[in-house]
Amino acid sequence: MSESSHADPDFDQFSAWALSDPDGAIVELDRHIVAQDGLSQFIPLSWHLIEGASTPYVSNWHIDAICDHLMGVSAGHIKRLAIAVPPRHMKSVSVSVTWPAFDWVEHPWRRFLYASYAHALSIRDSVRCRRILASDWYRKRWGDSHNLTEDQNTKIRFDNDKSGFRLSTSVTGMLTGEGADVIVVDDPHNVLEAESEKKRTRVLEWWDEAMSSRLNDQKTGAYVLIQQRVHERDLLGHVMSKESDDWTYLCLPAEFEPDHPHRWFRDPRKEAGELLWPAHVPRKELDRLKGRLGIYAAAGQLQQRPSPREGGIFKRSWFPVVETAPFDTRWVRGWDLAGSEKKLIKSDPDYTASVKVGWSPSAQRWIIGHAERFREEPHEVENRMLRRAEADGTQVPIQIPQDPGAAGKMWAQRLMVVLSRFSIYADPVTGDKLARAMGWAGRAGAKMVWIQKGDWNEAFLTELTSFPTGGHDDQVDAASSAFDRLVNNTFGIAGFYEAQLREKGVEVGTLKSPYQVEQERVAEEKARRAAEAGEQSPAPAEGMPSNIEAIAAIAAALLGKNAR
């Protein structure tokens, strides 16, 4: 049988046509490729319209992964899609520039609403998308699907004649009541403002209050969120903490981590440290970027874990776990009250937290003996604080924050009444939370801070090692308050001298002041005489106030007198 008998007649026809009409053949071939392989082929074919001929397109598996997920949204299979990807890895080009143009080939009626932290960025991508749609290249291939309208064709919004549109706005920007079939948020946070809780909160409130009702159809509409992680409580962390079961999450760290908490099950990388896009961002460039960003920003923006793997300021390896605290540990319990310093975020409010911290002169170590956090109404917070104080005992002083303003002072006064049977201190909080934590981070780094074994250890260490970019810092703040009280020894003059005696090995509870010794001698003499006379023993004389007695007893001990 001759070789020509095996020829594909369709291929022969196409070859003949290509020779007679090469431009038409290329158009048809492009249509066929996109119909068969989808968005992952639409991007390189349209690349010359996006970046120009001078910048070559560099393909990679992660772009295909993003495209596959976006096509799942187009097909209606995915209703909530979150993508975390490093900067300069085709994030906006794939989601904000090419996807709407590709989607309108089959779904020209679809209405897109795009938002970014900066309106200028949102407009930039809108213009690039419109450039594709209006190009001769696109019109020749898919011009039969729709036409851009002339009466609504601006940088911010353009419509087509099949009722579809692409509208651009900014995060927290004003909307005029317009709904959409697909809402896309591309970079909701300015990385330079990631540490501003006020600005992050504005983004979360915008999402919860303005975006939750913008879908034209809650059943068929879709949300797409794509960003680099900047904080535990950024928008992606916010939606995943509330509705993780509803969202499809594609996480693409710049370097492969086999134990990454959000590792994509189809990530083809096998070895730790393998790069996401080595042909475009090689090792040398990535290392340079990591150096510029620093440990915290690199952990979030590059690795998509807002807290460094081994911890930020605090490392897990710094904290030995011990079964029991030394016998001479002197304790203080510090509290951080929800809402006392930080504004509540509706969906993920702060906790009320307490941490018991001690110092052992014999071991020359600090000990974290207990930590807890909870969310309760103010009256229940008071009850729990009282129960915790009773469990600790009167020998454990309590440190609470006092906020500025009348409300903060009133609550502090209220707590001091509730806990009046205990030694309680209410002081204004000074300095930011990072500065306060740095006050004891050095001691922890020197491995001078032990943790007493308990079921609270993991939650406490997780928060500690996530600080300062973690979602919550309540226990860290509580620990800082307790450390500050211990380090600065601010228990008054009696506390100052008592600490000195404890370090010398003197048990303070056995001390008596000279006045107490004399009172006891007089009482014993009166009792002896009464007994000899057959009379009832007289009532003991009223002593000095206990705090004065304590000062006198301690002062006497330091002078070498009356210590028993």
Report summary line: Result of the Cβ filter at 8 Å on the stretch 299-328, keeping first residues that are closer than 30 Å to TRP277 by Cβ and assigned by TED's automatic domain parsing to the domain that holds MET240 and partners that are of a type in the set (Asp, Glu) and at pLDDT below 80, at least 6 apart or interchain, is none
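Is it the case that ILE313 is in a helix (DSSP H, G or I) and either hydrophobic (A, V, I, L, M, F, W, C) or at pLDDT 95 or above (or both)? It would help to see each step written out before you state the result.
Numbers: in a helix (DSSP H, G or I): no; either hydrophobic (A, V, I, L, M, F, W, C) or at pLDDT 95 or above (or both): yes.
No.
Could you list, in sequence order, the residues of the stretch 394-413 that are within 32 Å of the chain's Cα centre (by Cα) and either part of a loop (DSSP other than H, G, I, E, B) or of a type outside the set (Gly, Ala, Ser) (or both)?
First pass over the stretch 394-413, keeping only residues within 32 Å of the chain's Cα centre (by Cα): 397-412.
PRO397, ILE398, GLN399, ILE400, PRO401, GLN402, ASP403, PRO404, GLY405, LYS409, MET410, TRP411 - these are the residues of the stretch 394-413 that are within 32 Å of the chain's Cα centre (by Cα) and either part of a loop (DSSP other than H, G, I, E, B) or of a type outside the set (Gly, Ala, Ser) (or both).
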Query - Complete set of residues in the stretch 437-484 that are among the charged types (D, E, K, R) and under 20 Å from PRO326 (Cα atoms) - result: ARG443, LYS447, LYS453, ASP455
Query raised in the report: For the subset of the stretch 414-442 comprising residues that are exposed (fewer than 14 other Cβ atoms within 10 Å of the Cβ) and of a type in the set (Lys, Arg), which member is farthest from the chain's Cα centre (by Cα)?
Result: ARG421
Query raised in the report: Inside the stretch 111-141, can you point out the residues that are out of contact with any Asp or Glu (no Cβ under 9 Å at 6 or more places or on another chain), closer than 25 Å to GLY221 by Cα and either of a type in the set (Phe, Trp, Tyr) or touching a residue at least 60 places away in the same chain (Cβ under 8 Å) (or both)?
Result: ARG128, ILE132
Query raised in the report: Only one of these conditions is not met by ALA353: (1) among the aliphatic types (A, V, I, L, M); (2) assigned to a helix (DSSP H, G or I); (3) closer than 30 Å to SER244 by Cα. Which number is it?
Result: (2)
**Report entry** Subset of the stretch 60-86 (residues that are farther than 23 Å from LEU133 by Cβ and either among the basic types (Lys, Arg) or part of a loop (DSSP other than H, G, I, E, B) (or both))
**Finding:** ASN60, HIS77, ILE78, LYS79, ARG80, VAL85, PRO86
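Please work out which residue is surrounded by the fewest Cβ atoms within 10 Å (Cβ to Cβ), limiting yourself to the stretch 32-54 and to residues that are assigned to a helix (DSSP H, G or I) and of a type in the set (Gly, Ala, Ser).
Looking only at the stretch 32-54, we keep the residues that are assigned to a helix (DSSP H, G or I), and these are 32-37, 39-50.
Pick out the ones that are also of a type in the set (Gly, Ala, Ser) and you get 35, 40, 46.
Values: ALA35: 11, SER40: 20, SER46: 25.
Within the stretch 32-54, the match that is surrounded by the fewest Cβ atoms within 10 Å (Cβ to Cβ) is ALA35.
Could you please let me know if ALA444 is in contact (Cβ under 8 Å) with a residue 24 or more places away in the chain, within 29 Å of PRO361 (Cβ to Cβ) and outside any loop (DSSP other than H, G, I, E, B)?
Values: in contact (Cβ under 8 Å) with a residue 24 or more places away in the chain: yes; within 29 Å of PRO361 (Cβ to Cβ): yes; outside any loop (DSSP other than H, G, I, E, B): yes.
So ALA444 fits the description; yes.
Answer with yes or no whether ARG373 is charged (D, E, K, R), touching a strand residue (DSSP E or B) at 6+ places or on another chain (Cβ under 6 Å), in contact (Cβ under 8 Å) with a residue 12 or more places away in the chain and surrounded by 17 or more Cβ atoms within 10 Å (Cβ to Cβ). Even if it seems obvious, please write down each step before you answer.
Working: charged (D, E, K, R): yes; touching a strand residue (DSSP E or B) at 6+ places or on another chain (Cβ under 6 Å): yes; in contact (Cβ under 8 Å) with a residue 12 or more places away in the chain: yes; surrounded by 17 or more Cβ atoms within 10 Å (Cβ to Cβ): yes.
Yes; evaluated as a whole, the condition is true for this residue.
Within the stretch 28-68, track down each residue that is of a type in the set (D, E, K, R) and farther than 12 Å from SER94 by Cβ. Break it down stepwise before answering.
Keep residues of the stretch 28-68 that are of a type in the set (D, E, K, R), which gives 28, 30-31, 37, 51, 64, 68.
Across the stretch 28-68, the qualifying residues are GLU28, ASP30, ARG31, ASP37, GLU51.
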Report summary line: Within the stretch 359-387, the residues that are touching a Lys or Arg at 6+ places or on another chain (Cβ under 8 Å) and either outside the structural domain of ASP474 (by TED's automatic domain parsing) or at pLDDT 95 or above (or both) are ILE368, GLY369, HIS370, ALA371, GLU372
Query raised in the report: Within the set of pairs 6+ apart or on separate chains, which have a first residue in the stretch 423-436 that is more than 11 Å from SER480 (Cα to Cα), a second that is surrounded by fewer than 19 Cβ atoms within 10 Å (Cβ to Cβ), and C-beta atoms under 7 Å apart?
Result: ILE424/MET416; ALA426/MET416; PRO428/PRO404
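The values are calculated or read from the model by the stated rules, or taken from the named source; none is laboratory data. What you see is a predicted model; the values in this text were computed from it and never measured. Here Cβ is always computed from backbone atoms with ideal geometry, including for glycine, and neighbour counts include all displayed protein chains.
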